[in-house]
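> Structure incoming, see below.
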Amino acid sequence: MRKVFLGGTALAVAAAVAVPAMAADADVTSGLQLKISGFVAAEAGLLISSANDGQSRDYDFNTNGRLQFDVKNVTDSGLEYGARIRMNNVNRDQDVTVDREYLYVKGGFGTLSFGDQPQTAGDFGYFFAPDTILNAQGGYGDNVDGNYRYGGGNFFSLDPTYQSGLDKSTSIKYASPNIGGLIFGVTFTPVIGADTSTSSGPTGRADLSDDDQIYENAISAGLGYEDTLDGTSVKIRGTASQANGIDGYHDLETYSLGAEIASGDVDASLVWVGTPSGFGSGQTDKDFNTVAAGLGYSLGAVHFGLGYAYTWAQKNNDLGQDLTDGKDLKDNHVAAATVSYTLAPGLNTYAEVVYEIQTFRKKDVDDDYVKQSTSWEQTTLLTGISVAF
């Protein structure tokens, strides 16, 4: 991690001293502070078993990176202001994805931010203890919250933004300060596109005439309680979000309620996410529900994570996935066990096993879906290494 201080028109570059990735940022009292952070990760994957016979092989490698720039300052009156630009998918195939680009002001009134940023439903609705424990980077060694490069992962929600289409589109967001443990927040987004590039960044104003949109007038709100009691950290939060579907997409309605408790080296979480309408980015108006649990434990430099998510869906949702001949999801189970090891500050390696099974009410028979139960099942072994800076 490098820190560069800018004062007025003068540019003073601090000595390039490597700082451990977990070190706390120094308080800013004057001048602008720029922090550069990110990661590079590499992974090997093996399909232990799969219901899909179409793969050309049962193993593969992949690598990815992230680059993030944060700038901030604090005025003499105590007002903090700053901005963030995060470049995701920094690799030779995807030509970089800018998935965060926003500015903010922060004071005793709370935090007000504007730009391409996560929704309040994601900030308040996400509960997954292994993510806190495992030192995972960008989905590498992130247990159930991984990237599912070998298929699956498309029918559960660890927070209301996962399958709803609520994305990091251009929004205005407010987050309150902690008032006796109580916090609340709200986000407003004028439009969310099927292609996020049409609802964020410099092309965003094409939203006024572009037909390729999912939602408009999206509102996402959250309320919670956070405190530390006798060394035990407690978080309880709920969210509610809605948006109007456009161009044939269904209206969005989604909620969540979750809790996380951490004491010493143990962290546990439980969350429910309910989407009565708009699951699959507005593809269906049928009810989807997910209950997900996570457990994390640290033993020095070794970290353990267990995660499980169960999703059940209302009939006639007609959702399927490309790797199976099934349609109209009935339920989905996904479970993972992960162990990670911190070799040195910022250097982390991991291994994990992910299991998933999906059950559908209909089966494709001679290019026609009939009422016949079918399922898709897969077990994957993943291992990799990452450097965070």
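> What chymotrypsin sites (Phe, Trp or Tyr not before Pro) does the stretch 43-124 have in DSSP loop regions with at most 12 other beta carbons within 10 Å? Present the calculation step by step, with values, prior to reporting the outcome.
On the way: sites: TYR59, PHE61, PHE69, TYR81, TYR102, TYR104, PHE109, PHE114, PHE124; in loops: PHE109.
Counting only loop positions with at most 12 other Cβ atoms within 10 Å, the chymotrypsin sites (Phe, Trp or Tyr not before Pro) in the stretch 43-124 are PHE109.
> P(r) for the stretch 269-359: what percent of alpha-carbon pairs falls in each 5 Å bin, starting at zero?
Taking all Cα pairs of the stretch 269-359, the binned fractions are 3, 12, 18, 17, 15, 11, 9, 8, 5, 1, 0 percent.
> Now a separate question. Sum -39500 (n - 2.57) across every DSSP H segment of at least 4 residues in the chain, then divide by the residue count to get the 222 nm mean residue ellipticity, nearest 500. Each step should come with its number before you reach the end.
Values: 3 runs with 15 residues, N = 389.
Estimated from H runs of four or more residues: -500 deg cm²/dmol.
> Could you order peptides 45-52, 336-343 by the average number of other Cβ atoms within 10 Å of their residues, highest first?
Details: 45-52: 15.1, 336-343: 19.2.
Answer by packing, highest mean first, reads 336-343, 45-52.
> Right, next: Through the Karplus equation 6.51 cos²θ - 1.76 cosθ + 1.60, θ set to phi - 60°, convert the phi angles of the stretch 38-47 into ³J(HN,Hα) values in whole Hz; use x for Gly and Pro.
Ordered by residue, 3J(HN,Hα) equals x, 7, 10, 9, 9, 9, 10, x, 9, 7 Hz.
> Which three semi-axes in whole Å describe the equivalent ellipsoid of the chain, each the square root of 5 times a Cα gyration tensor eigenvalue, listed largest first? Don't skip to the end; give the middle numbers.
On the way: eigenvalues 243, 138, 92 Å².
Semi-axes from the Cα gyration tensor: 35, 26, 21 Å.
> Around LYS235, what is the net charge, scoring Lys/Arg as +1 and Asp/Glu as -1 over all other residues with Cβ under 11 Å from its Cβ?
Values: positive: ARG237; negative: GLU226, ASP227, GLU260, ASP267.
Around LYS235, the charge tally is -3.
> Per Stokes-Einstein, at 37 °C and 0.692 mPa s, what whole-number D in µm² s⁻¹ belongs to the stretch 61-139, with the Kirkwood radius over Cα pairs as the hydrodynamic radius? Let's see the in-between values first.
Working: Rh = 14.9 Å.
Estimated via Stokes-Einstein, D reaches 220 µm²/s.
> I would also like to ask the following. Using the Cα centre of the stretch 29-124 as origin and beta-carbon charges of +1 (Lys, Arg) and -1 (Asp, Glu), tell me which of GLY78, GLN68, LEU34 is placed farthest towards the positive end of the dipole.
GLY78
> Would you mind working out the magnitude of the charge dipole of the chain relative to its Cα centre, with +1 at each Lys and Arg C-beta and -1 at each Asp and Glu C-beta, to the nearest 20 Debye? Please report the intermediate quantities before stating the final value.
Working: 25 positive and 49 negative charges, 202 e Å.
Here the chain has a charge dipole of around 980 debye.
> While we're on this one: PHE61 to SER375: extension gain in nm, 0.36 nm per residue of separation minus the Cα-Cα distance?
On the way: separation 314, 0.36 × 314 = 113.04 nm, distance 2.71 nm.
Taking PHE61 through SER375 to full extension adds about 110.3 nm, to one decimal.
> Please get the size of the charge dipole for the stretch 82-155, origin at its Cα centre, with Cβ charges of +1 on Lys and Arg and -1 on Asp and Glu, quoted in debye to the nearest 20.
Details: 6 positive and 9 negative charges, 33 e Å.
Value, rounded to 20: 160 debye.
> All other residues with a Cβ under 14 Å from the Cβ of TYR174 taken together, and with Lys, Arg as +1 and Asp, Glu as -1, what is their net charge? Write out the running numbers ahead of the final one.
Values: positive: LYS106, LYS173; negative: ASP123.
Neighbour charge sum, excluding TYR174 itself: +1.
> Under the rule that an exposed site lies in a DSSP loop and has at most 13 other Cβ atoms within 10 Å, name the longest stretch of the chain with no trypsin sites (Lys or Arg not before Pro) of that kind, not counting the sites themselves. Write down the numbers at each step before the final one.
Working: sites that count: ARG57, ARG92, LYS315, LYS371.
The reported range is 93-314.
> For the stretch 71-113, what Kirkwood radius comes out of the mean inverse Cα-Cα distance, in Å?
Numbers: mean 1/r = 0.0834 Å⁻¹.
That comes to 12.0 Å for the stretch 71-113.
> Let me ask another. Give me the accessible area per residue for the stretch 54-123, probe 1.4 Å, as a whole number in Å². Provide the component values of the computation, followed by the final result.
Working: 4040 Å² over 70 residues.
Heavy-atom SASA per residue in the stretch 54-123 reads 58 Å².
The values are calculated or read from the model by the stated rules, or taken from the named source; none is laboratory data. The structure displayed is predicted, hence computed values, not measured ones. As a convention, Cβ positions derive from the backbone with ideal geometry for all residues, glycine included, and neighbour counts pool all protein chains shown. These area figures cover heavy atoms from the full protein model, side chains too; ligands, DNA and RNA do not enter into them. Shrake-Rupley method; radii C 1.70, N 1.55, O 1.52, S 1.80 Å.
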